[in-house]
Amino acid sequence: MLGNLGENLTNTMKKLVGMSVIDKKTIKEVVKDIQRALIQSDVNIALVLDLSKKIEERALEEEPPKGITPREHVITIIYEEMVNLLGSEAAGLDINERPYKILFLGLQGSGKTTTIGKLCRYLQKKGFNPAVVCTDTWRPAAYEQLRQLTEEMDVPLYGDPNNKDALDLAEKGLKEFKNRKVIIFDTAGRHKEESDLIAEMDQLDDIINPTEAILVIDGTIGQQAGEQARAFSQATDIGSIIITKLDGSAKGGGAMSAVAETGAPIKFIGTGERIDDFELFDPERFISRLLG
Ligand code: GDP
């Protein structure tokens, strides 16, 4: 399980190799290396300090279990502490209610609309037939973008580019698709003021009463991820997070702040602009990437 992580860590933790006893000084150096790697990956500094303190304490106090080398033991501790923040396994969605109403939230440009298309394709492959409701009355092209995306996949879409009332659209969409198993609601990502956007999400949350609210975060935005997550949490109980644009050089460490803010796990990642560039979140790979 730790193969990937172990390999990546050997770069930052060469000092550990071949040591049968790991002393305090070595552990402190390793923790410094981890701090440096995480900060370079855009992980929030307070989170980094908190994590590294826990890792250092455990590495100094705990005896390696029998058959485990001190080096492996330290790597396991690092992994466990990071998993504590991120969740231990790829979760996906558990569609266990009908209708399963998904409220998509995220700032304009985060990749929300593209991700809705990707999730529809993912759900179709699993045998579900999702329907989509467009409540974004702010961006003129939103409906058209969704129409093109959904048409290609034969996904039913409800929307009305002439209706400027997002709440009314949500209500009508709910009625239209009341017999569907999965309904996905796209929302605006921008208003004149951020507070107006959050207020609208709050009202939509009341009307839709979502089974799951998914926050879409651009993986390249770094430290702003935490603030965004905090803002959207005022409107609804965020159930999961999707990080987009992890196909580039960004390591996505800012997303850890979003997880810390909301307590919601990352469930999927976006790895490109195409419809199939979408993966279940794999904590181990993500951690390797942050530390590597
Ligand atoms: P929205 O405003 O949040 O609905 O964002 P869009 O879905 O329109 O996406 C904004 C831009 O980001 C578009 O150019 C998308 O092609 C691009 N995009 C979305 N997801 C990804 C991704 O995972 N990787 C890359 N490279 N680009 C993405």
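Structure summary
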quantity: Taking the chain and dividing mean pair separation by its residue count, relative contact order in percent (alpha carbons under 8 Å, at least six apart); calculated: 25 percent
quantity: Nearest-20 debye value, segment 65-145 charge dipole, Cβ charges on Lys, Arg, Asp, Glu; calculated: 300 debye
quantity: Helix axis angle, 70-86 relative to the chain longest principal axis, alpha carbon, degrees; calculated: 20 degrees
quantity: Amide H contacts under 5 Å for Ala131, placed H, 5+ residues apart; calculated: Val182, Ile183, Ile184
quantity: Estimated FRET transfer efficiency when R0 is 45 angstrom, pair Lys25-Asp282 (beta carbons, to 0.05); calculated: 0.85
quantity: For the chain, size of Cβ-based charge dipole, Lys and Arg +1, Asp and Glu -1, in debye; calculated: 680 debye
quantity: Angle in degrees between helix 224-233 and the longest Cα principal axis of the chain, rounded to the nearest 10; calculated: 50 degrees
quantity: Alpha-carbon spread of segment 151-292, three principal axes, descending order, Å; calculated: 48, 35, 25
quantity: Length released on extending from Lys126 to Gln40, taking residue separation times 0.36 nm less the Cα-Cα span; calculated: 27.2 nm
quantity: Carbon/sulfur fraction of accessible area - the chain, other protein chains in place, 1.4 Å, %; calculated: 46 percent
quantity: Accessible area per residue in Å² at 1.4 Å probe, computed on the chain; calculated: 47 Å²
quantity: Cα-based helix-to-principal-axis angle, 112-125 vs the chain, degrees rounded to 10; calculated: 90 degrees
quantity: Loop-located trypsin sites (Lys or Arg not before Pro) in segment 158-253, at most 16 other Cβ atoms within 10 Å (DSSP); calculated: Lys164, Lys178, Lys181, Arg190, Lys192
quantity: ³J(HN,Hα) computed for each position of segment 57-69 - Karplus, 6.51 cos²θ - 1.76 cosθ + 1.60, integer Hz, glycine/proline x; calculated: 4, 5, 5, 7, 8, 7, 7, x, x, 4, x, 10, 6
quantity: Mean ellipticity per residue at 222 nm, deg cm²/dmol - from DSSP H runs of n ≥ 4 across the chain, formula -39500 (n - 2.57); calculated: -15000 deg cm²/dmol
quantity: Spacing of the two label points (7 Å from each Cα toward its C-beta) at Lys66 and Ser88, in nm; calculated: 2.3 nm
quantity: Among the listed pairs Lys192/Lys245; Lys181/Lys245; Lys125/Lys267; Lys54/Lys251; Lys101/Lys125; Lys125/Lys178, those beyond 24 Å (Cα-Cα); calculated: Lys192/Lys245; Lys181/Lys245
quantity: Diffusion coefficient, µm² s⁻¹, Stokes-Einstein with Kirkwood Rh over alpha-carbon pairs of the chain at 10 °C and 1.306 mPa s; calculated: 78 µm²/s
quantity: Karplus 3J(HN,Hα) series, Hz, for segment 153-167 with 6.51 cos²θ - 1.76 cosθ + 1.60 (x for Gly, Pro); calculated: 9, 6, 9, x, 10, 10, x, 7, x, 8, 8, 9, 10, 4, 5
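The values are calculated or read from the model by the stated rules, or taken from the named source; none is laboratory data. Bear in mind that the values here come from a model prediction, so they are computed numbers and not experimental data. Backbone-built Cβ (ideal geometry, glycine too); neighbour counts: all protein chains shown. Remember, those area values only see protein heavy atoms, side chains included, never the ligands or the DNA or RNA. Shrake-Rupley method; radii C 1.70, N 1.55, O 1.52, S 1.80 Å.
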